[in-house]
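In what follows, a single structure is set out as structure tokens and then discussed.
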Amino acid sequence: MGDTILKMSGIQKYFPGVHALDDAYLEVRAGEVMALVGENGAGKSTLMKILTGIYPKDGGTIEYFGQEIELHGPKDAQDKGICIVHQELNLMQDLTVAENIYIGRESTKGPFLDKAAQNKMTEDLLNSLNLHIPARTQVKRLTVAKQQMVEIAKALSYQNTKILIMDEPSTALTTSEIEDLFKFIRRLKATGVGIIYISHRMDELKQITDRITVMRDGQYVDTVNTEETSIDQVVQMMVGRVIYEEPKSHSNVPPDAEVVLEAEHLVSNDVKDVSFRLRKGEILGFAGLMGAGRTETMRLLCGADKRDGGTIKVQGKEVKITSPKDAVNAGIGYLSEDRKLFGLCLGLSVADNTALPSLDMLSGPLFVDDNKISKATGEHVEKLRIKTPTIKTLIRSLSGGNQQKVVIAKWLYRDCDVLIFDEPTKGIDVGAKSEIYKLMNQLASEGKSIIMISSELPELLRMSDRVVVMCEGRVTGELDIAEATQERIMTYATRREVG
Amino acid sequence: MAKLETKPAGETLAHKKLDIQKLLAPAALVILYVFFSFAGNNFFTVDTLKNILESSYYIGFMAFGVTFIIITGGIDLSLGTVMMCSALLGAYVFKQLHWPLIIALLVTVGVGTLFGFLNGIFVAKLKLPPFIATLGTMMMSQGIGSILTNVQSQTWPTATEPVGGWFKKVFIRADIFGIKGFPVGALWLVGFFVIATLILHKTKFGRYVFAIGSNEEAARLSGVNVDNWKVAVYTLSGFFVGMAGIMYAAAYTTITPGTGNGQEMNGITGVVIGGTSMAGGSGTMVGTLIGVFIMAVLKNGLSACNLQAPWQTFFTGLVVIGAVLLDIYRTKAANKVKRS
């Protein structure tokens, strides 16, 4: 392990009314991967924004290669060799790889761009990183994983990069792509770059990081060696309490329970003859790699996309679902993996969002019954323990976990019996996650039937009564929870043809 | 328990913020009015007040209609020419074809509604961008009006005409309630303002308007038939534009083919000054009403200061930029407080 190249100590940051960072501490050595973990709001991103010069600090010192430095803006941080790869990709989709990497510092020949030189530089850079991506390709033609690599390559194209911050680089990646990313990170380590790795995925920390720094409520908790610690310990430090993440041992649903939803031979562009059954009170997990067609299947169920074939039966009766309205009327509620894009009207209040699917029932002949809406919303806010100042508060200002609960409230109020949770805990911190889990279990025990798509195997094993595994648009396996293991699921998830 | 304690505090805070926001536009209106009362010649008179009202009628109706569209995240560039086209055709069937005045009025409103419906079909069903669709109907309506009237100016009945002399009395001013020249148009404006407010803020339709503007896809996935509601929004707006046609006719009597271009900007400007976001998802009808009045006060006030049309245009532009800047600043400030 190399020398300490970065030491941030006693960092203070105040926002109006909030003490965002109080005595935060972070140390990075050359050639190590330092994980930075903590719940949402723990202060990770604020600390990183100070390190990359986006926010000025209100106290504390930053020591960089043994010297105390001040950072004057993002450009200054970059010039000093501190680069960040953001969680959201910031590439311009219509430009080429080379144009993206050298944006703002294009090679020129007189008044004109020197594309040839720029492409050459890019190819050299990508080759040196062992990445096989053509420099002239438009970024939008690359997979998300490749785009991620381009982002990293861009950060490293600044010759002197010594610290690379990766903010949740694996969220959009499939398992095999994550493997590629890790290989890449290991090669990078060998060159002496210090890497700060932010992630919510605990299993990844074990695989890739050397040390873990935990933050909680804007404060430094501890730094531990990854090898000498367990995931449970880290999680405990993060939340300050014990969370049990044990897989379910057996299904809670009797095998003869009533079948609530039956999908038969669903077909579309991305879905190839998918059939399955969902029983009352069941949590049915859907496993698979990214692109396995799970979300696409669910979008057929909820009428969001056009179906080319197949039938859907609800409570034994065939229903015609050609639009989301039909699905909602049939009692199917869909909680998208992207709440902000598909689930919520961010600019509207908690009450308006909750009432949106149910306005037919909440309106008189002329006007909507606002008293009824307030009452109903209030009840759900209480039942789901949604933390919001008032029901008139705009959704935008709630945390991710609470936003997710509002989406749940909206379907519960619509009296949906089938709830489809697509990656329900994506981007939600550990504490809120366990609350969502509790809620799902509670709903199932109340007789709601739940489909849960998840890319996190521990989550699937913990929540599901049964697991359906998909690969390339087909169902490749179905496992009762008693016989499901991560290995078995992965075997099915990578099986191209049905056996 | 803790939740119960924080609730009242949060509520009062939200109320306070809301109050300041709500008061800003009316305060601007009052300040402008007071300012011109001192600065202008003969501004602080009943006649000027009537002038302010009368120049607001048709702009107000256009603005009410397009408020719905803008909140859904759309735009209507055809407001002005559709208004003229409807007024033109109404006058044509009355004067040239000698249809009864009441039918002519129905034709006027009908033409507006029809164009609104067309806009709705183009935007919601054929998926044209609203800017393009309404740019098309803007030109089409201007053309149609000229073609059907053979490019002849059309006139509506004046107050002294034997046939249809009641037209101006019903829509502009009349000697009623013991007042000479009572501004009847204001009753129409206020009446339809109340109706528009109720539709926007109290009905299912209104909620869907906000939901579509805030996140169309989320609304669709919530079981809202977005396409049909959008057609309804544009059609309703078209109805208001038809009404604007009547109010314009009542105020100006003579309608010239080939005009109306640019009037849409008066309507849209009123909405924007009133604090409705062009990005959709937020806005109020009362804001639009105040926005329209601010423009009318500005127009009459500047002319009372002997500053003529070019200056009025210039200052209206300044107000638009100021109002929107203020709005952006306010939203930013609000977001900052929220994040902390």
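The values are calculated or read from the model by the stated rules, or taken from the named source; none is laboratory data. Note that this is a predicted model, so its numbers are computed, not measured. Every residue, glycine as well, gets a Cβ built from its backbone with ideal geometry; the counts of neighbours run over all protein chains shown.
So B:ILE75 clears everything in (1) within 24 Å of B:LYS204 (Cβ to Cβ); (2) part of a helix (DSSP H, G or I); (3) hydrophobic (A, V, I, L, M, F, W, C) except one condition, right? Which one?
Against the list (1) within 24 Å of B:LYS204 (Cβ to Cβ); (2) part of a helix (DSSP H, G or I); (3) hydrophobic (A, V, I, L, M, F, W, C), B:ILE75 comes up short only on (2).
Select the helices (runs of 4 or more DSSP H) contained entirely in region B:115-206, then report the ones holding at least 1 residues which are within 14 Å of chain A (Cβ to nearest Cβ), within 30 Å of A:ASP360 (Cβ to Cβ) and not hydroxyl-bearing (Ser, Thr, Tyr). Can you show your working first?
On the way: elements: B:130-148, B:166-171, B:184-202.
Because the criterion is at least 1 residues that are within 14 Å of chain A (Cβ to nearest Cβ), within 30 Å of A:ASP360 (Cβ to Cβ) and not hydroxyl-bearing (Ser, Thr, Tyr), the helices (runs of 4 or more DSSP H) in region B:115-206 that meet it are B:184-202.
Would you be able to say whether some residue in region A:167-187 is surrounded by 15 or more Cβ atoms within 10 Å (Cβ to Cβ), more than 30 Å from A:GLY293 (Cα to Cα) and at pLDDT 80 or above?
Taking every residue of region A:167-187 in turn, none turns out to be surrounded by 15 or more Cβ atoms within 10 Å (Cβ to Cβ), more than 30 Å from A:GLY293 (Cα to Cα) and at pLDDT 80 or above.
Answer with yes or no whether A:GLU246 is among the acidic types (Asp, Glu) and either farther than 21 Å from A:ALA30 by Cα or in a loop (DSSP other than H, G, I, E, B) (or both).
Values: among the acidic types (Asp, Glu): yes; either farther than 21 Å from A:ALA30 by Cα or in a loop (DSSP other than H, G, I, E, B) (or both): yes.
Taking the combined requirement at face value, the residue satisfies it.
Tally the residues that are of a type in the set (Lys, Arg) and either within 13 Å of A:SER268 (Cβ to Cβ) or surrounded by 17 or more Cβ atoms within 10 Å (Cβ to Cβ) (or both), restricting the search to region A:306-322.
Pass one, region A:306-322, residues of a type in the set (Lys, Arg): A:306-307, A:313, A:317, A:320.
The next check asks that each one be either within 13 Å of A:SER268 (Cβ to Cβ) or surrounded by 17 or more Cβ atoms within 10 Å (Cβ to Cβ) (or both); those that pass are A:306-307.
Qualifying residue count, region A:306-322: 2.
Only residues that are more than 15 Å from the chain's Cα centre (by Cα), outside any helix (DSSP H, G or I) and away from chain A (no Cβ under 14 Å): list them for region B:254-311, please.
Step one: of region B:254-311, the residues more than 15 Å from the chain's Cα centre (by Cα) are B:254-259, B:261, B:279-282, B:297-311.
Now drop any that are not outside any helix (DSSP H, G or I), which leaves B:254-259, B:261, B:279-282, B:305-308.
Correct list: B:THR254, B:ILE255, B:THR256, B:PRO257, B:GLY258, B:THR259, B:ASN261, B:CYS305, B:ASN306, B:LEU307, B:GLN308.
Where in region A:427-482 are the strands (runs of 3 or more DSSP E), entirely inside, with at least 3 residues that are crowded, with 22+ Cβ neighbours inside 10 Å and in contact (Cβ under 8 Å) with a residue 12 or more places away in the chain? Write out each step before concluding.
Working: elements: A:449-453, A:466-471, A:474-480.
Where strands (runs of 3 or more DSSP E) fall fully within region A:427-482 and carry at least 3 residues being crowded, with 22+ Cβ neighbours inside 10 Å and in contact (Cβ under 8 Å) with a residue 12 or more places away in the chain, they are A:449-453, A:466-471.
Counting just the residues of region A:409-451 that are within 15 Å of the chain's Cα centre (by Cα) and modelled with pLDDT of 90 or more, which one comes out farthest from the other protein chains (Cβ to nearest Cβ)?
Of everything passing the filter in region A:409-451, A:PHE421 is farthest from the other protein chains (Cβ to nearest Cβ).
Any residue that is hydroxyl-bearing (Ser, Thr, Tyr) and modelled with pLDDT of 85 or more - is there at least one of those in region B:10-32? Spell out the reasoning first.
At the first step, the residues of region B:10-32 found to be hydroxyl-bearing (Ser, Thr, Tyr) are B:12.
Narrowing further to those that are modelled with pLDDT of 85 or more: none.
Checked against the condition, which is being hydroxyl-bearing (Ser, Thr, Tyr) and modelled with pLDDT of 85 or more, region B:10-32 yields no hits at all.
Taking region A:406-426 on its own, how many of its residues are part of a helix (DSSP H, G or I) and either out of contact with any helix residue (DSSP H, G or I) (no Cβ under 8 Å at 6 or more places or on another chain) or among the hydroxyl-bearing types (Ser, Thr, Tyr) (or both)? Explain how you work it out, then say what you get.
Taking region A:406-426 first, the residues part of a helix (DSSP H, G or I) are A:406-413.
The next check asks that each one be either out of contact with any helix residue (DSSP H, G or I) (no Cβ under 8 Å at 6 or more places or on another chain) or among the hydroxyl-bearing types (Ser, Thr, Tyr) (or both); those that pass are A:413.
Selection size over region A:406-426: 1.
On the given criteria, is B:SER214 under 30 Å from A:VAL406 (Cβ atoms) and not hydrophobic (A, V, I, L, M, F, W, C)? Break it down stepwise before answering.
Details: under 30 Å from A:VAL406 (Cβ atoms): yes; not hydrophobic (A, V, I, L, M, F, W, C): yes.
Criteria met by B:SER214.
Within region A:11-98, which strands (runs of 3 or more DSSP E) (wholly inside it) include 2 or more residues that are within 27 Å of A:ARG186 (Cα to Cα)? Write out each step before concluding.
Working: elements: A:18-29, A:33-37, A:59-64, A:67-69, A:82-85.
In region A:11-98, the matching strands (runs of 3 or more DSSP E) lie at A:18-29, A:33-37, A:59-64, A:82-85.
Give the number of residues within region B:92-140 that are of a type in the set (D, E, K, R) and farther than 16 Å from B:GLY245 by Cβ.
In the first step, residues of region B:92-140 are kept if they are of a type in the set (D, E, K, R); the result is B:95, B:125, B:127.
Narrowing the set further to residues that are farther than 16 Å from B:GLY245 by Cβ leaves B:125, B:127.
The qualifying residues number 2.
I want to confirm something. Restricting to region A:52-84 and keeping residues that are farther than 16 Å from A:ASN160 by Cα and within 28 Å of the chain's Cα centre (by Cα), which single residue is surrounded by the fewest Cβ atoms within 10 Å (Cβ to Cβ)?
A:ILE54
Considering A:GLY333, A:GLY303, which residue is part of a loop (DSSP other than H, G, I, E, B), surrounded by 20 or more Cβ atoms within 10 Å (Cβ to Cβ) and either within 9 Å of chain B (Cβ to nearest Cβ) or in contact with a helix residue (DSSP H, G or I) (Cβ under 9 Å, 6 or more places away or on another chain) (or both)? Spell out the reasoning first.
Details: A:GLY333 fails: part of a loop (DSSP other than H, G, I, E, B).
Answer to the check: A:GLY303.
Does region B:314-340 hold any residues that are modelled with pLDDT of 85 or more and either surrounded by 14 or more Cβ atoms within 10 Å (Cβ to Cβ) or within 14 Å of another protein chain (Cβ to nearest Cβ) (or both), and which are they?
B:PHE315
Of the residues B:VAL231, B:VAL209, which single one is away from chain A (no Cβ under 14 Å) and not in a loop (DSSP other than H, G, I, E, B)?
B:VAL231 is the lone residue from the list that is away from chain A (no Cβ under 14 Å) and not in a loop (DSSP other than H, G, I, E, B).
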